[in-house]
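The values are calculated or read from the model by the stated rules, or taken from the named source; none is laboratory data. In this text the structure is predicted, and so the values were computed from the model without any measurement. Backbone-built Cβ (ideal geometry, glycine too); neighbour counts: all protein chains shown. We work out accessible area using only protein heavy atoms, side chains counted, and drop any ligands, DNA or RNA first. Shrake-Rupley method; radii C 1.70, N 1.55, O 1.52, S 1.80 Å.
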Amino acid sequence: KALFIVLVAGCSSTPPAGASDAAVPDFTLDATLVVPPDGHRPNFTCASNPAPSIADDPITLAGTVETLAMNGTLVPVDAAEVALFRAGQPIVLSRVHSDPTGAFSTGALASGGHPLHAYLKATKPGFRTTFFYPQYPFATSARPELVPMVSDALFATITTMLGSTQHDATHGALLVVVADCDGTPLIGSTIVVTHGNAPAGRIYDLSTIVPGAASTFLVLDVPDGKARVTATNGSLPFPEHEVVVRARDPECPTARGTLTATTLVPGL
């Protein structure tokens, strides 16, 4: 499985501006795909599916919070605060903590049957504050979310190994995972990040230094504010969507930098 879906880390909760979701474009399913060496052919059967128009009511977001080690293993993270915010509004829908196994659950949230336009913020001392923006609004309780965390020490190690720097005073960092309809990492994918109409940040493929981080990209020095992300695999493009990248957590302006996380899949 990919390092998928939600990233997590540490200061206190805050309600910064949210972002809109882009419409899902049409896909040509016979497009040339990049088939990895193990012969697994990527699953793109969800590529023509539209964005969700209805949602479970109530809806519960649940999963596990885990940290990535440099050897590629995932370790449960205890006592990480996971807060769910309504996108674009200073409204906290849920605030919970992970248990000793890393598990968390928002509990049942009323949706009125409408997809939940929201983002997650997770915090814990020793970890970068991370904001997760889903590619599509939350619509189902069925799929557990794997929430990987990035510690301050790991972030410093990764940037050193990449021979790069992150200027937290003025820029944010972005983590992007690309996966197919099964959640399997898409070997051979590339991503594009834009701020305004210009390419943004420096893009690194983490699989070059971290085992188990296939199709996981770290983008350093992304300008503070809204950014758009998309990917391609062979000739197949992915839907573009918007996230908010922050140089600082607005509620903790003197704290260290943050990490914005998102995933790119061909459809639901």
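Observations, loosely collected:
- Computed with a 1.4 Å probe over protein heavy atoms only, the accessible area of residue 145 comes to about 20 Å².
- Of all accessible heavy-atom area on the range 166-268, the percent that carbon and sulfur account for (1.4 Å): 58
- Charge tally in the Cβ shell below 10 Å around residue 221, where Lys, Arg are +1 and Asp, Glu are -1, residue 221 excluded: 0
- Where labels lie 7 Å past Cα in the beta-carbon direction, separation of residue 182 and residue 207 in nm: 1.5
- Take the Cα of residue 43, go 7 Å toward its beta carbon, and the backbone nitrogen atoms of the range 170-186 under 15 Å from that spot belong to 179-186.
- Annotation: for a label point projected 7 angstrom from Cα along Cα→Cβ of residue 198, residues of the range 154-176 with backbone N closer than 16 Å are 170-172.
- Other-chain or far-sequence residues with amide H under 5 Å of residue 45's (modelled H): 181
- Charge sum, other residues only, whose C-beta stays under 14 Å from residue 79's C-beta, Lys/Arg counted +1 and Asp/Glu -1: -2
- Placing a label point 7 Å from the Cα of residue 143 along the Cα-to-Cβ direction, the residues of the range 178-193 whose backbone N falls under 16 Å of that point are 178-186.
- In this Cβ point-charge picture (+1 for Lys and Arg, -1 for Asp and Glu), the range 87-179 has a dipole of about 120 debye about its Cα centre.
- Within the shell defined by Cβ-Cβ distances under 15 Å, the residues around residue 203 carry a net charge of 0, with Lys and Arg each +1 and Asp and Glu each -1.
- Total charge dipole magnitude, the range 56-214, about the Cα centre, Cβ charges on Lys, Arg, Asp, Glu only, Debye to nearest 20: 360
- Comparing Cα centroids, the range 217-237 and the range 62-76 end up 23 angstrom apart.
- Solvent exposure of residue 119, expressed as accessible area, is near 0 Å², computed with a probe of 1.4 Å over the protein chains only.
- Figure note: 158, 54, 209 ranked by solvent-accessible area, largest first, 1.4 Å probe, ligands and nucleic acids not counted: 54, 209, 158.
- Spin-label pair residue 62/residue 114, simplified geometry with 7 Å Cα→Cβ offset, distance in nm: 2.6
- Under the simplified labelling scheme, the residue 105-residue 252 pair shows an inter-label distance of 2.8 nm, with each label point 7 Å from Cα along Cα→Cβ.
- Extreme residue, positive dipole direction of the range 31-147, given options 65, 53, 77 (C-beta unit charges): 53
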